[in-house]
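The values are calculated or read from the model by the stated rules, or taken from the named source; none is laboratory data. Predicted model only: the values in this text are computed from it and were never measured. Cβ placement follows ideal geometry from the backbone for every residue including glycine, while neighbour counts extend to all protein chains displayed. Ligands, DNA and RNA are excluded from the accessible area calculation, which covers all protein heavy atoms including side chains. Shrake-Rupley method; radii C 1.70, N 1.55, O 1.52, S 1.80 Å.
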Amino acid sequence: MPEPATLAAPAPAYRPEAGRYDALLDAAGRPRAGWAPLLKELTALDATEHARRVTAARRLVRENGVTYNVYDEAGGEARPWELDLVPYIIDAREWARLEAGLIQRARLADAILADVYGPRRLHALGLLPPHLVEGHPQFLRPLMGATPPGGVRVHLYAVDLARAPDGRWMVLAERADAPAGAGYALENRIVISQAFPELFRDLKVRRVAQFFSAFREAVLGLSPQAQPRGVLLSPGPYNEAYFEHAYLARYLGLALVEGDDLAVREGGVFLKTLAGLEPIDVIVRRVDSDFADPIEFRSDSQLGVPGLAEAARAGKVVIANALGGGLVGSPGMAAVLPTLCRALFGEELLLSAETALWCGNPTHRRAALGEPERYVFRDAFDTRPLYAKGSTARFWRDLSEAGRDRLVDLLHRRGATLVAQEVLPLGTAPILEEGRLRPRTAALRAFVAWTPQGYVVMPGGLTRVAPDDENRAVTMQSGGASKDTWVLGEGPADDFSLLRQVGESLPIRRQADEAPSRAMDNLFWLGRYTERAEQLVRLLRAVLRRLGDDVNISASATAAGLARRLLVPQAQVSETAAAEAASADVTRLVDELMAAIFSRRRSFGLQRLLGSVQRTGWAVRDRLSLDTWRSILSFTSGEGLPQPDLDGGQEPDPVDAQSYLDGLIRRTAALSGLAAENTTRGRNYLFLELGRRVERAGNLAWLLRQVLVAAEGDEVPELQLLLEVADSGMTYRYRYFGVFQPAPVIDLLLLDEANPRSVAFQVETLQAHVAQLPRSNMTQARGQDRKIVAQLLQRLANADPVRLARQDAGGRREQLAELLQLVQDSTMRLSDVITQTYFRHSTSRRAGSAPRLDAFGGQFA
């Protein structure tokens with residue numbers, strides 16, 4: 001027997017399990033066609049180079065924000081996309097055979113749906129049992145008789161495949177409703193081709209970009225409009241595959257929308273924009289059919305578009321895929337596909353599936369009961385993968401005697417609801433784990449797209465592998481990993497990319513299409529949350545810097561005094577902690593500060609606020625550049641900065657906390673710089689800036705009021721604090737040579753329009769921004785936002801810093817208090833007016849919504 005393949009000399013042998021097909025090695029232990037060059041390169045990697053490539057791939061996945069939400073008992077938190085470094089290789093000849101079978105399956109799915117929702121000849125001939133259609137939860141009766149534009153129902157089709165023990169490809173499942181995974185396959189390709197650039201070129205790996213181009217041109221071409229407008233309809237940022245939705249929308253040049261962004265009027269679909277309703281011609285759908293219209297389908301759905309079924313019947317919009325495609329992917333339908341293929345095409349299925357017996361057929365039921373140990377019994381309409389969580393699959397061998405009796409009884413009483421599927425060992429593929437190649441159960445999701453010339457197959461796909469030796473579930477929800485899929489070409493590889501424009505010249509455009517008002521709402525709040533987080537970081541840092549430094553500093557400027565004035569109103573620390581610190585016992589204050597900085601359980605702590613920044617940024621991921629998203633991720637995750645796991649019992653260190661806050665300040669500065677220098681001056685920039693300026697003006701006014709209105713003792717330390725938090729200390733020192741007085745500080749931080757950190761600067765900038773807001777309807781034309789800003793700017797321009805600094809007999813600055821209250825009230829009113837005027841179409845549940853301050857630093861909602 002030949003020596004088994006190994007990655008490195010000390011690594012244990014790669015040993016596939018007997019009785020299972022392995023993609024890497026044949027039965028004699030030799031590398032299969034196409035694998036030898038990859039195996040050679042992997043074997044040549046030393047430990048350092050191996051670690052470098054793995055780290056580089058993981059970093060690229062993380063920086064690109066590639067995630068997948070895993071729904072489990074702990075809730076649905078996004079986790080980084082698991083990508084194995086070793087691609088799955090398929091040679092050209094094998095792929096040609098597989099490609100023909102995939103195209104046949106896509107044609108068959110489209111033909112079945114056309115018959116089911118049309119003439120129903122298959123029913124009349126007795127070839128398609130009525131129960132497999134009428135009983136299916138995704139059979140949508142309201143769409144009977146509706147013909148989609150071009151007569152196409154399946155625009156994008158996916159098939160899950162695995163290797164049988166004899167090496168043939170067998171179909172595990174198929175998706176004709178809203179198939180997912182194509183975007184992840186594209187991202188995998190980008191990452192892995194960078195890990196092995198020379199090998200990718202030398203093996204002539206076929207590229208996938210033309211597949212996406214063909215799909216895009218085909219669906220847009222079904223619209224009669226000369227320049228059709230398309231959108232990608234997503235369930236939203238809490239969906240497990242939201243990254244893919246944002247990624248594909250950007251790559252295909254489609255607007256990413258949610259159900260709340262669309263409205264149906266007289267059979268047409270319209271996008272809710274800042275300027276009103278704009279017609280939509282094409283919808284690439286990622287919302288399951290039964291959730292797509294809460295009026296005619298599932299009334300509990302909050303993901304769909306009310307009236308979308310009406311639009312589908314009217315045929316005024318291309319919906320890809322057409323509604324109602326879910327029924328062709330059921331296990332029950334798999335049992336009759338060979339018969340339907342012969343009836344519709346006069347052909348045998350080129351790609352077979354595991355033997356499936358529909359138990360509504362007496363002959364099939366007797367066969368299943370004759371050898372029950374060969375089969376797994378499952379719901380005829382269960383679309384979950386066989387081994388996945390929540391699957392209805394019941395293995396005969398795992399049932400007790402009583403359980404078997406109940407199953408037999410159910411088969412006799414309600415056999416039409418069950419399918420018996422033969423279970424064969426699935427093939428394996430190599431993964432790279434701790435520097436060693438190991439076999440894991442693998443499945444390939446292949447993708448087929450409709451074009452006017454016929455269906456085309458993506459030369460590759462999304463390969464998934466089981467998480468360990470024991471687990472044969474090949475789903476990401478079960479903790480599995482993914483692979484790039486390399487289809488080897490026989491000629492030179494093309495270098496086509498959708499990211500580079502080719503073909504006819506494009507008309508020059510200085511402005512993009514109008515965006516959904518929901519997206520602008522999220523950008524507005526992204527600006528607010530980011531600014532709010534920076535303000536909190538600066539306040540926490542100021543208090544930390546003064547801990548234990550109470551010599552020659554007035555009582556109100558000690559850490560205790562600062563905490564009482566600035567952090568207690570924000571619920572960051574307690575009155576008790578501030579009072580104890582004033583008595584020289586800072587233990588409780590330190591503990592509560594550490595919790596405010598690091599604990600993820602604190603409702604109003606820094607980590608919750610950073611989470612709001614990240615979630616809101618994630619919701620508009622398609623509108624942010626890659627560098628901007630990476631900057632948001634760096635700011636909110638704090639990666640590379642000292643972060644003790646406070647909730648896990650680690651003891652925090654104030655020195656580390658100081659270093660952490662310093663790092664966040666630098667990162668928020670980088671984020672602000674990217675937004676200022678790299679964002680085109682359009683709607684995205686406008687609403688991001690509006691949010692930042694509204695928040696900064698209100699926050700600074702609150703800070704000035706908390707510190708200066710009721711002065712206590714020596715004000716110099718307090719003035720220094722204000723300049724530090726407002727990042728204006730250097731400017732003040734250059735102007736006034738280190739002499740600290742209230743009037744100059746008030747002028748610099750409140751009234752100086754040349755200081756980018758002052759209130760006046762924010763208001764002046766707001767005046768310029770609100771002038772650019774659209775005035776497309778009567779409410780917008782009234783210009784209430786402009787009036788609020790103009791009046792506030794006038795008050796600030798007429799203010800005298802010397803008068804504002806004067807104290808009455810009680811030590812209060814009433815004129816200053818009145819002006820600062822006006823600033824806070826005006827910025828809050830401006831925020832409300834912008835929301836009511838421009839975001840009234842938006843969803844009531846904002847993506848980054850979290851407990852927040854209703855007034856700047858004041859009362860909580």
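Of all the listed residues (Gln815, Gln767, Gln772), the sole one being surrounded by 13 or more Cβ atoms within 10 Å (Cβ to Cβ) and either of a type in the set (Ser, Thr, Tyr) or modelled with pLDDT under 95 (or both) is Gln772. Selection of segment 108-133 for residues being open to solvent by 30 Å² or more (accessible area, probe 1.4 Å), of a type outside the set (A, V, I, L, M), in a loop (DSSP other than H, G, I, E, B) and in contact with a helix residue (DSSP H, G or I) (Cβ under 8 Å, 6 or more places away or on another chain) yields an empty set. I'd like to verify a number: residues in segment 605-630 that are in a helix (DSSP H, G or I) and open to solvent by 10 Å² or more (accessible area, probe 1.4 Å), how many? Total satisfying the criteria: 14. Scanning segment 134-172 for residues that are among the aromatic types (Phe, Trp, Tyr) and outside any loop (DSSP other than H, G, I, E, B), we see that the one that is most open to solvent (accessible area, probe 1.4 Å) is Trp169. Mind listing whichever residues of segment 185-210 are among the charged types (D, E, K, R) and part of a helix (DSSP H, G or I)? Listed by number, the residues that qualify are Glu187, Arg189, Glu198, Arg201, Asp202. The single condition among (1) touching a residue at least 12 places away in the same chain (Cβ under 8 Å); (2) more than 24 Å from the chain's Cα centre (by Cα); (3) open to solvent by 10 Å² or more (accessible area, probe 1.4 Å) that Asp585 does not satisfy is (1). Condition (residue is of a type in the set (Gly, Ala, Ser), in a strand (DSSP E or B), over 20 Å from His131 (Cα atoms) and open to solvent by less than 50 Å² (accessible area, probe 1.4 Å)) applied to segment 392-406: is it met by at least one residue? Taking every residue of segment 392-406 in turn, none turns out to be of a type in the set (Gly, Ala, Ser), in a strand (DSSP E or B), over 20 Å from His131 (Cα atoms) and open to solvent by less than 50 Å² (accessible area, probe 1.4 Å). Only one entry in Phe598, Phe635 is at pLDDT 90 or above, under 30 Å from Leu256 (Cα atoms) and among the hydrophobic types (A, V, I, L, M, F, W, C), namely Phe635. Given (1) under 40 Å from the mean Cα position of the chain (by Cα); (2) on the phi < 0 side of the Ramachandran plot; (3) open to solvent by less than 30 Å² (accessible area, probe 1.4 Å), identify the lone condition not met by Gly324. With respect to (1) under 40 Å from the mean Cα position of the chain (by Cα); (2) on the phi < 0 side of the Ramachandran plot; (3) open to solvent by less than 30 Å² (accessible area, probe 1.4 Å), Gly324 is out only on (2).
Selection of segment 631-659 for residues being within 24 Å of Arg621 (Cβ to Cβ) and outside any loop (DSSP other than H, G, I, E, B) yields Ser631, Ile632, Leu633, Ser634, Phe635, Thr636, Ser637. Condition first: assigned to a helix (DSSP H, G or I), open to solvent by 40 Å² or more (accessible area, probe 1.4 Å) and not hydroxyl-bearing (Ser, Thr, Tyr). Can you find one or more residues in segment 416-432 that meet it? No. A single member of Ala768, Ala817 is touching a helix residue (DSSP H, G or I) at 6+ places or on another chain (Cβ under 7 Å), part of a helix (DSSP H, G or I) and not basic (Lys, Arg), and it is Ala817. In segment 12-52, the qualifying residues are those that are of a type in the set (D, E, K, R) and in a loop (DSSP other than H, G, I, E, B), and the one that is least open to solvent (accessible area, probe 1.4 Å) is Arg20. Within segment 771-786, the set of residues being farther than 17 Å from Phe524 by Cβ and outside any helix (DSSP H, G or I) comprises Arg775, Ser776, Asn777, Arg782, Gly783.
Starting from residues that are among the acidic types (Asp, Glu) and within 16 Å of Leu199 (Cα to Cα), keep the ones in segment 12-61 and report whichever is modelled with the highest pLDDT. Going through the qualifying residues, I end up with Glu41. Of all residues in segment 745-760, those satisfying the criterion of being surrounded by fewer than 20 Cβ atoms within 10 Å (Cβ to Cβ) and farther than 27 Å from Leu544 by Cα are Glu753, Ala754.
Ala214: open to solvent by 10 Å² or more (accessible area, probe 1.4 Å), closer than 20 Å to Tyr157 by Cβ and hydrophobic (A, V, I, L, M, F, W, C), yes or no?
Considered against the rule, which asks whether it is open to solvent by 10 Å² or more (accessible area, probe 1.4 Å), closer than 20 Å to Tyr157 by Cβ and hydrophobic (A, V, I, L, M, F, W, C), Ala214 comes out as yes.
Scoring Val191 on the criteria (1) at pLDDT below 95; (2) under 27 Å from Leu323 (Cα atoms) leaves a single failure, condition (2). There is at least one residue in segment 265-279 that is open to solvent by 10 Å² or more (accessible area, probe 1.4 Å), of a type outside the set (S, T, N, Q), in a loop (DSSP other than H, G, I, E, B) and over 27 Å from Glu99 (Cβ atoms). The C-beta contact set for segment 601-627 (first residue farther than 27 Å from Val568 by Cβ, second residue charged (D, E, K, R), distance under 7 angstrom, 6+ apart or interchain) comprises Asp622/Arg250. Across segment 260-280, the qualifying residues are those that are without any contact (Cβ under 8 Å) to a residue 60 or more places away in the chain and of a type in the set (D, E, K, R), and the one among them that is nearest to Ala314 (Cα to Cα) is Glu266. In this entry, Arg201 passes the filter for residues that are open to solvent by 30 Å² or more (accessible area, probe 1.4 Å), in contact (Cβ under 8 Å) with a residue 12 or more places away in the chain, basic (Lys, Arg) and within 19 Å of Ala57 (Cβ to Cβ).
I'm checking my understanding of the structure. Among residues of segment 663-703 that are among the basic types (Lys, Arg) and in contact (Cβ under 8 Å) with a residue 40 or more places away in the chain, which one is most open to solvent (accessible area, probe 1.4 Å)?
My answer is Arg683.
Of the residues Gln643, Gln706, the single one that is in contact with a Phe, Trp or Tyr (Cβ under 8 Å, 6 or more places away or on another chain) and surrounded by 15 or more Cβ atoms within 10 Å (Cβ to Cβ) is Gln643.
Close contacts from segment 722-744, counting a first residue that is within 18 Å of Arg538 (Cα to Cα) and open to solvent by 20 Å² or more (accessible area, probe 1.4 Å) and a second that is among the basic types (Lys, Arg) and in a helix (DSSP H, G or I), with Cβ to Cβ under 8 Å and a gap of 6+ residues or different chains, come to Glu724/Arg538; Asp727/Arg538.
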